[in-house]
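J.: Once you've had a glance at the structure underneath, I'll fire off some questions.
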Amino acid sequence: MENITKVAVVGSRGFEDYVLFKTVMDKFLADFESVAFVSGGASGADSLAERYAKEHGIEVIVFKPEWKRYGKRAGYMRNAQIWKEADVGIAFWDGESKGTRHSFKLAKKMSKELRVFDYLKRMFIDPDA
């Protein structure tokens, strides 16, 4: 039976560069035999992940926030669902997004491996540095 790694793909809503996204994901995923994406269904990095998954036959598990039910905390609750489901993750960050930063903290708290790509600097970074 094939071992599927669940990869959280999270990030800033302002990230829309699919060519850069694809280049980074191709390299990031090279070490995995088989993957499924876990995402929040938002615009930006999440929607780029869905496009990439469709083009590569990758399953996507989407956790959308329940804004009407939970109000402002719905986004944070959705982030927690994503990290509970995921084995590892990659974040596409602009260096400022509070929602993406919250996602880093959850990954760290849950001892999940996370790579952070600053798409404005076009490089992987240490968000704690």
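J.: What is the residue count in region 9-39 for residues that are in contact with a strand residue (DSSP E or B) (Cβ under 7 Å, 6 or more places away or on another chain), of a type in the set (S, T, N, Q) and farther than 18 Å from Arg78 by Cα?
T.: Adding up the residues that qualify gives 1.
J.: Please work out which residue is surrounded by the most Cβ atoms within 10 Å (Cβ to Cβ), limiting yourself to region 6-45 and to residues that are among the β-branched types (Val, Ile, Thr) and within 17 Å of Lys112 (Cα to Cα). Give the derivation first.
T.: Looking only at region 6-45, we keep the residues that are among the β-branched types (Val, Ile, Thr), and these are 7, 9-10, 19, 23-24, 35, 38.
Keeping just the survivors that are within 17 Å of Lys112 (Cα to Cα) gives 7, 9-10, 35, 38.
Numbers: Val7: 23, Val9: 27, Val10: 31, Val35: 21, Val38: 25.
Per the criteria, the residue is Val10.
J.: Scan the strands (runs of 3 or more DSSP E) fully inside region 61-129 and keep the ones with 3 or more residues being surrounded by fewer than 20 Cβ atoms within 10 Å (Cβ to Cβ), modelled with pLDDT of 95 or more and within 15 Å of the chain's Cα centre (by Cα). Steps first, please.
T.: Values: elements: 88-93, 113-118, 123-125.
So the answer is 113-118.
J.: Quick one: how many residues across region 36-60 are over 13 Å from the mean Cα position of the chain (by Cα) and of a type in the set (A, V, I, L, M)? If you could, list the steps in order and put the result at the bottom.
T.: Step one: filter region 36-60 for residues over 13 Å from the mean Cα position of the chain (by Cα), giving 51, 54-59.
Subsequent filtering for residues that are of a type in the set (A, V, I, L, M) retains 58.
Qualifying residue count for the region: 1.
J.: Further question: With the condition kept exactly as written, say whether any residue in region 17-24 is assigned to a helix (DSSP H, G or I), closer than 21 Å to Gly95 by Cβ and without any contact (Cβ under 8 Å) to a residue 24 or more places away in the chain.
T.: Looking for residues that are assigned to a helix (DSSP H, G or I), closer than 21 Å to Gly95 by Cβ and without any contact (Cβ under 8 Å) to a residue 24 or more places away in the chain, one finds at least one in region 17-24, hence yes.
The values are calculated or read from the model by the stated rules, or taken from the named source; none is laboratory data. None of the values given here were measured: they were computed from a predicted structure. Heads up, the Cβs are rebuilt from the backbone with ideal geometry, glycines too, and the neighbour counts pull from every protein chain shown.
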